[in-house]
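*Asks:* Got a structure for you, written out below as structure tokens; questions coming shortly.
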Amino acid sequence: MIRAELTKLRTVRGWLFGLTAAVVLFVGSALLVAAGSHMSCGDQACPAPPVGPDGQAVEDHFGFAHRTLAGDGSLTAHVRDFSGIITYPPPRHDQIVEGLVPWAKAGLVIKDGTRPGSPYAAVMLTGSHGVRMQHDYVHDRAGGPTGARWLRLTRTGASVTAYASLDGKTWTTVGTVEMSGPAEIGFLIASPGDITVTENGLGGTSVQSRFTQASAVFDQITSTAGGEWRYDEVGGGGPGADWEKYHRPAGLEASAGRLTLTGSGDLAPVSGMAAVPYLAGTVPALLAVLIVAVLFITSEFRRGLIRTTLLASPARGHVLAAKAAVIGGVTFTVVLVAVVAARAWSTTVFRANGNIVLPTGALTDLRLAVGTAALLAVTAVLAYGLGVLLRRGLPAILLAVLLTVVPYLLATTSLLPPGAGEWLLRVTPAAGFAVQQTFPAYGHVLLPYTPAQGYFPLAPLAGLAIAAAWALGLLVLAVLRFRRADV
Amino acid sequence: MEATIEVSGLSKRYGSTVALDRMTFRVTPGQVTGFVGPNGAGKSTTMRILVGLDRADAGTAKVGDRSYHELVRPMTTVGTLLDAAAIHPARTGRNHLLWLAQSQRIPAGRVDELLEEVGLAGAARRRGGGYSLGMRQRLGVAAALLGDPPILILDEPFNGLDPAGFVWMRDLLRRRAEQGRAVLVASHLMGELQDLAGHVVVVAGGRVVADAPTRDMRDRYGSLESAYLELVR
Amino acid sequence: MTDAAAALRAEWTKARTVPDLPLAILLALVGTTSVNVLTGQPSAGLQLGQAVIAVAGVQILAGEYSTGLIHPTMLAFPTRWPALLAKAVLLIPGAAVTAIGNRPRDAVYLGLIALLGLGTAALIRNAVTAAGVVLTVLFVLPTMVRWMPDPDWATFLYRASPSPGHLATTAAWTAAALLLGTITLLTRRVS
Ligand SMILES: Nc1ncnc2c1ncn2[C@@H]1O[C@H](COP(=O)(O)OP(=O)(O)OP(=O)(O)O)[C@@H](O)[C@H]1O
Ligand SMILES: [Mg+2]
């Protein structure tokens, strides 16, 4: 029966054309977007961001006052003062104000040298998230008593333990992580850019980051590592902001048991950079797939072909299931091919235009490819189910688009308030687009994790499951109704 | 205007299929003209071109000395039945005829008259989707007769009719011909045409292979059926 | 002109004797209004309304190709344009009604969208495909803006998409569809 349905699908020129169009649209859109992406940094190639221990691109930029730590050891200090400035914050964007951004960091760090991207473990005071222990850019945990100003970092063997204290006498453990080998131990200062989201006048949003700077005074320092406090601006070397040039440069001041560290930057996964845009053609291809899926069934109703089909195989439930399997399976295969082609091709173009290709990880790549194919297959089955249920092509295609593309559009543009948009992406079949989220959302990186920026309210598989549930539900409903319908 | 149909040098291809190959014949008023030929011979294509649904590659097709698309209120000149009436499944038969009547500025009273004549008065207010083949055929005939046209072009008019319907259709065609109208009937029913048609055009492969009075055919071959079988062999 | 008047009358009878168009208009009206009320954002409801109206524009012509009704229509109007004109004239007020709670320009916009559907149907004929193409123009182009890396391209694409904010662009789309559709309808064979 599946063979028969496959033959039907294969032998109608319009449907083959539709599936081909889906592939062409998918690959073509990816190429178009890749071709339009240019990046240039003067006459040289743009520097790629460092890659962290877990394989993702990271930002590793902070002020570092350090000594060499040979084996075991520990560093304790009191954060006497932690303050900073934010340039031109909203709403008026007209002055530089004093203050710390939520994830400004001042604290103690053990790091495998000063090479950007190298492993580290740190305990820190933050602008508004209390004491945290963070390591290797993506890992973050809160801990210690509220209002703690005392920090301690200890290495014993291969484990680094962070403590915090209110008075420097009773200590609370914040966390322990593994880290061995020779390392530098010392103080860190970092202050990520202040983020604002504005409507970009094109129905979408854009994200701006403005310079901030933090400054911390450490005193009552106890260190088992000896020698001078050497200063490095890890990952620095840029031209420097105007503020740094004219008001307060980044750097270290040491005086009578006190260290004052001033700087900007962050230790975090890279944010605000796009991956290769090879999924750009998803929605155009989806439309082509929806058309084919709807026609696949409604044309049978219209031409009375369904009677022939049912004469050949009277088990109606099986017929419908076979057709669903064919439309889903064919869509999956075709789209998978399209994704692979789009990825290979557009990556080449993207790179040739001087863009940085961010590492995404093999598992993520696999999820994106298979997930996108599954998303389109599931949506095709959904459209097909609507076709069986409604029997007429126009209402079916209309409803399919209203259930999938329109919620996605509303949620990813500024047409709806963000809350409403995210709600749409939880309950409608458009939830399936969650499978296309490339980078995870990190709690310790302040970004607008909105659909417009490619972040979805549901986890990838959960979103896909919602879409699949819709498709399955409609299909079951369609089968139940069709089993007792006159044809 | 003279009620004639004139097809001359009509050629038509669909891709590589030759549907019509210099088809030429003339239908005169006052008699039924049978239009016969094997499946795929080009009968329906000729008829579609005659009423402007298809465009010919070459040649002319005239109804009453004019192209169909030059006619004002065309359905008052030519009545056409192609396949059984296409009707919107949700529209009633009466409403279907009503919009057609309005399109030709024919009074609505004519609609009920015709429904009576084609035997659909009882079903006139039912949805077209529920019509049987014969009922749709009758509705199509009603549409063709709506404008009381002097020229009738009917493709397989007996399709789907019941035995009483056959009699009715036969009478209907004969009567219209006697009134001096031109009636072109494509059909595969040689028995029917033998009694009904005064003239027969036999086509095969898109060309006319015989164009003669029925009487001549019968005299020469014994029956219209034998004539047909002999001619298109 | 009498042809056009007769066509309008016939098309009016056609439109009111099956539920398709009245239902679509009702659906668009209810959908638009309720989304507007729910979100408090008039532009959101319009997204729903325009989809329904666009499909209604497709349906009024392409639906005839699906049912075969195009044959009697063409037999009644062998010059073909009166039928197209009559459908267009019927669609405009039907579409405009949908925007009753919105700004007046939204009514104009929906009228243009209905005609965009009509023109596309004349061009493509297959109802589902025509509807898919119109919906693509309405919804897919705007989703692509987000992907466009170059601000100039993004701006171009944004401006090139039909939207209630860009009546001139929308009118250009509609004009193009109607022009191509009319040429196709007048020159190509039916069926
Ligand atoms: N729309 C079309 N597309 C492609 N080929 C067509 C089309 N319409 C007709 N043909 C071809 O043109 C030829 C003539 O067809 P036509 O329908 O005129 O035959 P016919 O004489 O009416 O046959 P029948 O007795 O079966 O009704 C056939 O070969 C047919 O396949
Ligand atoms: Mg035929």
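The values are calculated or read from the model by the stated rules, or taken from the named source; none is laboratory data. Remember, predicted model here, so these are calculated numbers, not experimental data. A quick note on method: Cβ atoms are made from the backbone with ideal geometry, for glycine too, and the neighbour counts reach across all protein chains shown. Note: areas computed on protein heavy atoms with side chains; ligands, DNA, RNA excluded. Shrake-Rupley method; radii C 1.70, N 1.55, O 1.52, S 1.80 Å.
*Asks:* Any chance the stretch C:23-32 includes a residue that's within 30 Å of B:Q104 (Cα to Cα) and either buried (at least 22 other Cβ atoms within 10 Å of the Cβ) or within 7 Å of another protein chain (Cβ to nearest Cβ) (or both)?
*Replies:* yes
*Asks:* Can you find even one residue in the stretch A:40-49 that is surrounded by 15 or more Cβ atoms within 10 Å (Cβ to Cβ), in a loop (DSSP other than H, G, I, E, B) and not assigned by TED's automatic domain parsing to the domain that holds A:G281? First the steps, then the outcome.
*Replies:* Taking the stretch A:40-49 first, the residues surrounded by 15 or more Cβ atoms within 10 Å (Cβ to Cβ) are A:49.
Next, only the ones that are in a loop (DSSP other than H, G, I, E, B) stay: A:49.
Retained after the next criterion (residues that are not assigned by TED's automatic domain parsing to the domain that holds A:G281): A:49.
The answer is yes; a qualifying residue exists.
*Asks:* If a residue has to be touching a strand residue (DSSP E or B) at 6+ places or on another chain (Cβ under 9 Å) and either closer than 10 Å to B:T80 by Cβ or in a loop (DSSP other than H, G, I, E, B) (or both) to count, how many in the stretch B:125-157 make the cut?
*Replies:* Counting residues in the stretch B:125-157 that are touching a strand residue (DSSP E or B) at 6+ places or on another chain (Cβ under 9 Å) and either closer than 10 Å to B:T80 by Cβ or in a loop (DSSP other than H, G, I, E, B) (or both) gives 17.
*Asks:* Sort through A:V388, A:V381 and tell me the only one that's in a helix (DSSP H, G or I), open to solvent by 20 Å² or more (accessible area, probe 1.4 Å) and closer than 30 Å to C:A130 by Cβ. Show your work before the answer.
*Replies:* Numbers: A:V388 fails: open to solvent by 20 Å² or more (accessible area, probe 1.4 Å).
None of the other options fit; the residue is A:V381.
*Asks:* So which residues in the stretch B:23-41 are more than 16 Å from ligand 1 (Cβ to nearest atom) and either assigned to a loop (DSSP other than H, G, I, E, B) or not aliphatic (A, V, I, L, M) (or both)?
*Replies:* Answer for the stretch B:23-41, where residues must be more than 16 Å from ligand 1 (Cβ to nearest atom) and either assigned to a loop (DSSP other than H, G, I, E, B) or not aliphatic (A, V, I, L, M) (or both): B:R26, B:T28, B:P29, B:G30, B:Q31.
*Asks:* If you don't mind, another one. Can you pull out the residues in the stretch A:341-369 that are under 19 Å from A:L464 (Cβ atoms) and surrounded by fewer than 16 Cβ atoms within 10 Å (Cβ to Cβ)?
*Replies:* Once the filter is applied, which keeps residues that are under 19 Å from A:L464 (Cβ atoms) and surrounded by fewer than 16 Cβ atoms within 10 Å (Cβ to Cβ), the stretch A:341-369 yields A:G361, A:L363, A:L366.
*Asks:* Among B:S8, B:S44, which is more than 16 Å from ligand 1 (Cβ to nearest atom) and of a type in the set (S, T, N, Q)?
*Replies:* On inspection, the qualifying residue turns out to be B:S8.
*Asks:* Counting only residues that are within 13 Å of another protein chain (Cβ to nearest Cβ) and part of a helix (DSSP H, G or I), how many does the stretch C:71-84 have?
*Replies:* Final tally of qualifying residues: 9.
*Asks:* Name the one entry in A:T282, A:T260 that is among the β-branched types (V, I, T) and either closer than 26 Å to A:H444 by Cβ or in contact with an Asp or Glu (Cβ under 6 Å, 6 or more places away or on another chain) (or both).
*Replies:* A:T260
*Asks:* Being surrounded by fewer than 17 Cβ atoms within 10 Å (Cβ to Cβ), touching a residue at least 24 places away in the same chain (Cβ under 8 Å), away from chain C (no Cβ under 14 Å) and not charged (D, E, K, R) is the requirement here; does A:G227 meet it?
*Replies:* So A:G227 fits the description; yes.
*Asks:* Filter the helices (runs of 4 or more DSSP H) completely within the stretch C:127-177 down to those with at least 1 residues that are surrounded by fewer than 24 Cβ atoms within 10 Å (Cβ to Cβ), at the interface with chain A (Cβ under 8 Å from one of its Cβ atoms) and not aromatic (F, W, Y).
*Replies:* Working: elements: C:127-135, C:141-145, C:151-160.
Passing ranges, in order: C:141-145, C:151-160.
Quick grid of which residues meet (1) modelled with pLDDT of 90 or more; (2) under 29 Å from the mean Cα position of the chain (by Cα):
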residue	(1), (2)
A:T154	yes, no
A:S165	yes, no
A:G168	yes, no
A:W171	yes, no
A:S191	yes, yes
A:T196	no, yes
A:W243	no, no
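*Asks:* Name the one entry in A:V319, A:V283, A:V326 that is open to solvent by less than 10 Å² (accessible area, probe 1.4 Å), within 14 Å of chain C (Cβ to nearest Cβ) and in contact (Cβ under 8 Å) with a residue 12 or more places away in the chain.
*Replies:* On inspection, the qualifying residue turns out to be A:V283.
*Asks:* Of everything in the stretch B:20-54, what is open to solvent by 10 Å² or more (accessible area, probe 1.4 Å), within 15 Å of ligand 2 (Cβ to nearest atom) and within 14 Å of chain C (Cβ to nearest Cβ)? Give them in sequence order.
*Replies:* If the condition is that a residue be open to solvent by 10 Å² or more (accessible area, probe 1.4 Å), within 15 Å of ligand 2 (Cβ to nearest atom) and within 14 Å of chain C (Cβ to nearest Cβ), then B:S44, B:T45, B:R48, B:I49 are the ones that fit.
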